[in-house]
């Protein structure tokens, strides 16, 4: 059965923020993402790009509708079960690196693996070193986040997102804080994760060039999918 | 698998704010330290005092008096009658405990029990034209030695010399100084009945209590009986028990049986023992207040960390840490501060105890300088440590819960 499931499926997902005047973040989203896809999400600001990403990444819970990961229903799951799914199956990259300032780059990358606890400590160390080496960060491993450049920090954050070998990488404006050169590097890394490692990457961005480089682009307007293009 | 990484994160966040952590640890440590020191003084002096009560005086004293006046016969004949009597003259009893010899004999049969018949009264001791009034106790030196600490407090001579000397008397050092008496001098003892008896000083004690040192003398029971003109009479039976804690019940039994008023050391010192309860309550509430203040410090630092670390909390959650993990990370910080505070507090406490042990002072009523009696038992260290960890975890509880309720989406959205 399992081979028939898409990696990620959003069925009629709507998210309304309860308030005196309820705010609709996204409405009636139907989206299917297969394993190995590279997808960019674009749209004007306030169109619900990031909100959609948080819903797909199980950080937020839809008001109605459902998100399925690997064919697994998530609507009935409690917060702990969602956290467990995030830990194993999803890696997040945000606009800001969000590395813990008290820990070295290496230790930051090790955190998710240590929380999962499936590998022994030496295994975790060598995997973290491998991930960082892969992203050309071998020489920065022992440094603290505040000793790195913006591009290096973002690469460290990507390494951390890859720590538990998730099938799905969700990136929220990953190049938003980077200069053109570093932005290019990050985009290339994502492309490589898809082409070489078969991962699925969904990236929210407002950069035209980034959006154009991905094989599939979803364009949101007012919380709805206006276009879903494959190139 | 959470614990090792959770403790690492907690430690990292604490060590990153070293100064604030140190301040809150110091707050707890001072609380614990002062608790250890004060409760050591309190419990030390209490133990010392109770010790003295128990060892310096008989555990039970049976006296030749009755707790309640005897009931008029008319009341026992008509228990339900409307009888009233007023201005009745109480019957006069011959003072003294009847048949005290048999009673002492019987009490002494029990293992570990020491019983002694004694006669007490008032006399005047005169020497070189100076008079000092004194309480006189006619005793059995052999038993008195075991009943009280007079023998160990003897500075010159001894109690047992009372036996070997005809008309010997043991006096306190205060009286000896006032009258200019020295060992083996002949003092004149004058009784209320007018009897004048020269007696030889065979012992001088020093208890450190002005009242006793100046106003207590010991003679043989038979000499007291002669002096006070109460032949074959004893007005006290003094008893020492193997277990002082049973004194109250034993006294009640004896009184029930012989009717004579029987005072246990607890009853005699009830007010003082009650005072200790109040004193302990005061100690604990003051220390409690210190710990509350200290826990505000902990609350403060952990609240600050939670506020400042909202992004880190959010990223940890997005990574797959559960709410409970986050809460634990901050509770661990509370525990760490509490445990560090406890260890440092024990050191502070020990240091304070060293200082206190070196202090000497004079207590009014006592004649020589003395120090605090300190109780070094582990109990107060344990209680202080328990307080510190509990208050630290308690203080961390609320901020930790707040941290667990952080919604990562809001933080990440806000940061972007």
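Please treat every number below as a calculation from the coordinates, not as lab data. Please read these numbers as outputs of a predicted model, since none were measured by experiment. Using ideal geometry, Cβ is built from the backbone for each residue, glycine included, and neighbour counts are taken over all protein chains shown.
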Provide Rg over Rh for chain A; use the alpha carbon set for both Rg and the Kirkwood Rh (inverse mean inverse pair distance). 0.96
Against the longest principal axis of chain B, how steep is helix B:310-319, in degrees 0 to 90 to the nearest 10, with axes from Cα atoms? 70 degrees
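Over segment A:49-117, what relative contact order in percent results from Cα pairs under 8 Å that are six or more residues apart?
Result for segment A:49-117 is 22 percent.
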Descending semi-axes in whole angstrom, ellipsoid equivalent of chain B, from the Cα gyration tensor: 67, 28, 16
Pair residue B:68, residue B:229: separation of 7 Å Cα→Cβ label points (nm): 3.5 nm
Within 10 Å of each Cβ in peptide A:116-124, how many partner chain Cβ atoms are there on average? Round it to a whole number, please. 1
Treat each spin label as a single point 7 Å out from the Cα along the C-beta direction, and report the residue B:257 to residue B:355 distance in nm. 5.5 nm
For the residue A:224, residue B:282 Cβ pair and Förster radius 60 Å, calculated FRET efficiency rounded to 0.05 is 0.25
Only helical DSSP H runs with n ≥ 4 go in: add -39500 (n - 2.57) per run for chain B, normalise by residue count and round the 222 nm mean residue ellipticity to 500 deg cm²/dmol. -18500 deg cm²/dmol
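Is segment A:98-138 rounded, prolate or oblate when judged by the Cα gyration tensor, a ≥ b ≥ c being the square roots of its eigenvalues, rounded requiring a/c under 1.5 and prolate requiring a/b larger than b/c?
Here segment A:98-138 falls in the oblate category.
What's the FRET efficiency of residue B:183 with residue B:128 using the Cβ-Cβ distance as r and R₀ = 22 Å, to the nearest 0.05?
Calculated transfer efficiency: 0.90.
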Give me the inter-chain shielding for B:406-413: mean count of other chain Cβ atoms within 10 Å, whole number please. 5
Using 0.36 nm times the number of residues separating residue B:20 and residue B:378, minus their current alpha carbon distance, what extension gain do you get? 125.9 nm
Do you know the relative contact order of chain A, to the nearest whole percent, from alpha carbon pairs under 8 angstrom that are 6+ apart? 28 percent
If neighbour count is taken as other Cβ atoms inside 10 Å, put B:276, B:361, A:103 in order from fewest to most. B:361, B:276, A:103
Against the longest alpha carbon principal axis of chain B, how many degrees, from 0 to 90 and to the nearest 10, is the axis of helix B:247-258 turned? 30 degrees
With springs only between Cα atoms under 10 Å, which of B:277, B:219, B:202 fluctuates most in a Gaussian network model of chain B? B:277
Averaged across A:48-58, how many Cβ atoms of other chains sit within 10 Å of each residue's Cβ atom? 2
Sorted largest first, the C-alpha extents of the protein assembly as shown along its principal axes in whole angstrom are 132, 67, 42
Suppose we keep just the DSSP beta bridges with both residues in the protein assembly as shown; what percent of those would be antiparallel, to 5? 70 percent
Express the relative contact order of segment A:100-231 as a whole percentage, based on alpha carbon pairs under 8 Å and six or more residues apart in sequence. 20 percent
So, in nm, how far is label residue A:123 from label residue B:135 when the simple model puts each one 7 Å beyond its Cα toward the Cβ? 8.3 nm
Cα centroid separation, segment B:280-319 to segment B:187-231 (Å): 67 Å
Which of these, B:212, B:316, B:183, has the largest mean-square fluctuation under a Gaussian network model of chain B (Cα springs below 10 Å)? B:316
Between residue B:77 and residue B:106, the FRET efficiency computed from the C-beta separation at R0 = 35 Å comes out, to the nearest 0.05, as 0.55
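Starting from the Kirkwood Rh over alpha-carbon pairs, what translational D in µm² s⁻¹ does segment A:3-139 have by Stokes-Einstein at 25 °C and 0.890 mPa s? Write out the running numbers ahead of the final one.
Values: Rh = 17.1 Å.
The Stokes-Einstein estimate is 143 µm²/s.
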So in chain A, what percent of DSSP beta bridges are antiparallel if you round to the nearest 5? 55 percent
Across 5 Å bins from 0, what is the distribution of all Cα-Cα pair distances for segment B:257-327, in whole percents? 4, 12, 10, 10, 8, 8, 7, 7, 6, 6, 5, 5, 4, 4, 2, 2, 1
